[in-house]
């Protein structure tokens, strides 16, 4: 069978499954999620044996230790994927929930109700846990999904897909509700991105290169998750101890993620006192500071920052630091160099707090809290699909609700238009 | 100046204006809308004189009477555009309204708040009123807009843009909040569609060819408004008089619009009685009927339908009619041939009404009411930008709220992540 006909069949199968899936009850969807979790545990030996094939190939191909680590599926990984599914089963079902009901003057009762998007395509890189996480979120939100993982994880993904498929069949769910692309040809991605009649949404999960490739080649709407160049602005009126805790947490607690602080902005009148304190603590945690001229004057050990530092998403123990004139300069810096992801202000001034919250154009803006809270679970949305940095459809963390849309249900008793 | 640098400047100007516009108060936005309305009335003689240049060129180029009619701007058109702006001024402002507030266990107060999308690009065909309608909706929702009308309306659009620009300046609004592309080169559209850094959303308004061109060439998310192949299904239990009123209204009241009925589906047990009644009335209004085999048996004057008729958006006094076995056959027909726009069932059976509302995958589904109600004004959303047939971001009528997105505003008192 050609790659073209394989992709064609996947798309057609997913479209049919989506129609059936849209009206499956919450209980049945939850039962299917639990069944997948059980099936994975039961088939753990097989899944691990298939994962070994991927790991062997990865070593032969000279993948880095970090990449091999992300590719590895062991009992702990399987347990954690299964727990993730149970967590999703416990979340409220967005499908059928109402976004408003009202009666028109002519008596028409209008109800805006949440429905699944239909068919979602996921294009991702090596981590096999994405297969299970996204399958769970899509199923719970009533969407059929086509999963296209990296070629380096193909055996692991096929094994996981086998568990999913058997669990779906045993719980009477549409068999094509979750499908993986069974071939590793690159052509399959390009073909998938052309299936605008069958696929409603594409979500790329991976590095910037993957996302750009998908955006440039897709005829289907794409939910983008670009980089997070997150800022904390420490205002002149900040509580110094609080500012220190927040900055330390935002940089150090998990530096490799998109909601970690990458640039610290400090008001000029607090810089002399604040910077040595926080720098001491950050240095103790191994953080390298790249500072503007004034920062380097206050912190002689800082590396002078170059222009690229203000744009950088380090995802590492490196921090750019800039002393600014006031909140306007801080917000201008964020508007110029930021990525509309997450920004925080630390202040005790009411007016400046509210201005920052209102005027900063990022998916999550915080006052007196760490940037690390931009996360579906932390904000109370439940498990998430990623954090959208584009404004269309969803901006910020994407939970189950963001995998749905609304339709208008209208009940009348004979109304016609005059 | 090259077309490339013109488009580059427009995009840059719009991005700057968007930042300023996002925090302009509702009162000031409404004042600007009213000022544009007044300015247009005041400058009506100039606008009409510029419109004459377009009309002369249109006649020279042999445009049809219908096209010339749509291009014409007279006192009535200007009055109607001004009234449209006043209506938008009267609608609630979505910006700043809350989509939910909750407190997390750690005390973080999370508020999901509506914000403008940023910069919207509109690509449209001849009707100059689109210039004013869309400028009004974008301004009220806090978005900067770049308008690219058809070359045949360039003088009219420039004249309208002059009124807008003067009114914006007199009311202290950002001057680049509304800009039109001042050149008619086709290249300008292609260039505009590449400005993904500056433009957040593209809305094509026009025929299917224009929409497909935009979708294929845009790197920016596109809100699509494809065709409306709308169905009414008359169930066996329908009140015959109500069904007749609804079908007549859906087909005849305004046949040239996307929410008019194009295909009538009738339950087999009611066809013998119902079809002659409705056919008589439709014939009286000049409607041609294209029927399935059974329909043609019942209505000897009907033209036999061919396969293409089931896919057709006639936008004319033509109706496809099919007799179906039951509600399942009706819904299967809709799933296969429909365009996910608007479908109605006429029935007195509770279970079938609810099944139809739940299972039919269209942006507006109605029971016992005319398809003509799929309209922002009729559903209570206020003036609209069109009706989205894609599920991303908005599905169905797009009012002011659909021109916004949400961000998360988080208020803390020192929370860090553990």
Top-ranked residue in region B:56-79 [being loosely packed, with under 13 Cβ neighbours inside 10 Å and outside any loop (DSSP other than H, G, I, E, B); ranked as farthest from the chain's Cα centre (by Cα)]: B:60
Elements of type helices (runs of 4 or more DSSP H) in region B:141-222, at least 2 residues being at pLDDT 95 or above, within 22 Å of the chain's Cα centre (by Cα) and buried (at least 20 other Cβ atoms within 10 Å of the Cβ): B:154-170, B:187-192
Mind listing whichever residues of region A:373-401 are surrounded by fewer than 24 Cβ atoms within 10 Å (Cβ to Cβ) and in a helix (DSSP H, G or I)? A:401
Which ones in region A:232-243 are more than 8 Å from chain B (Cβ to nearest Cβ) and within 10 Å of residue B:414 (Cβ to Cβ)? A:241, A:243
May I ask you to verify whether residue B:369 is on the phi < 0 side of the Ramachandran plot, modelled with pLDDT of 95 or more and under 23 Å from the mean Cα position of the chain (by Cα)? yes
Among the numbered criteria (1) out of contact with any helix residue (DSSP H, G or I) (no Cβ under 9 Å at 6 or more places or on another chain); (2) loosely packed, with under 15 Cβ neighbours inside 10 Å, which single criterion is violated by residue B:53? (1)
Just to be sure before I move on: is residue A:52 more than 30 Å from residue B:340 (Cα to Cα) and modelled with pLDDT of 95 or more in the structure I sent? yes
Between A:377, A:351, A:382, A:396, which is out of contact with any strand residue (DSSP E or B) (no Cβ under 6 Å at 6 or more places or on another chain) and touching a residue at least 24 places away in the same chain (Cβ under 8 Å)? A:382
Does residue A:278 fit the bill of being crowded, with 17+ Cβ neighbours inside 10 Å, part of a helix (DSSP H, G or I) and touching a residue at least 24 places away in the same chain (Cβ under 8 Å)? yes
Name the one entry in A:92, A:116 that is surrounded by 14 or more Cβ atoms within 10 Å (Cβ to Cβ), within 14 Å of chain B (Cβ to nearest Cβ) and within 26 Å of residue B:394 (Cβ to Cβ). A:116
If residue B:392 passes every condition in (1) touching a helix residue (DSSP H, G or I) at 6+ places or on another chain (Cβ under 9 Å); (2) within 23 Å of residue B:201 (Cα to Cα); (3) at the interface with chain A (Cβ under 10 Å from one of its Cβ atoms); (4) at pLDDT below 95 but one, which one does it miss? (1)
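Per-residue answers, yes or no, for (1) in a helix (DSSP H, G or I); (2) more than 21 Å from residue B:386 (Cβ to Cβ):
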| site | (1), (2) |
| --- | --- |
| B:85 | yes, no |
| B:88 | yes, no |
| B:101 | no, yes |
| B:107 | no, yes |
| B:110 | no, yes |
| B:114 | no, no |
| B:121 | no, no |
Go through region B:123-140 residue by residue and tally those that are closer than 22 Å to residue B:57 by Cβ and part of a helix (DSSP H, G or I). 4
What's the number of the condition residue B:23 fails, among (1) farther than 21 Å from residue B:117 by Cα; (2) modelled with pLDDT under 95; (3) over 26 Å from the mean Cα position of the chain (by Cα)? (1)
It is to be established whether one or more residues within region A:399-406 are facing chain B (nearest Cβ under 8 Å) and touching a strand residue (DSSP E or B) at 6+ places or on another chain (Cβ under 7 Å). yes
Might you check whether a residue that is out of contact with any helix residue (DSSP H, G or I) (no Cβ under 8 Å at 6 or more places or on another chain) and within 26 Å of residue A:412 (Cα to Cα) occurs anywhere in region A:115-129? yes
Residues of region B:244-263 classified as at the interface with chain A (Cβ under 9 Å from one of its Cβ atoms) and in a helix (DSSP H, G or I), total: 5
Restricting attention to region A:308-367, and to residues there that are within 10 Å of chain B (Cβ to nearest Cβ) and part of a strand (DSSP E or B), which single residue is surrounded by the fewest Cβ atoms within 10 Å (Cβ to Cβ)? A:367
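The values are calculated or read from the model by the stated rules, or taken from the named source; none is laboratory data. Predicted model only: the values in this text are computed from it and were never measured. Heads up, the Cβs are rebuilt from the backbone with ideal geometry, glycines too, and the neighbour counts pull from every protein chain shown.
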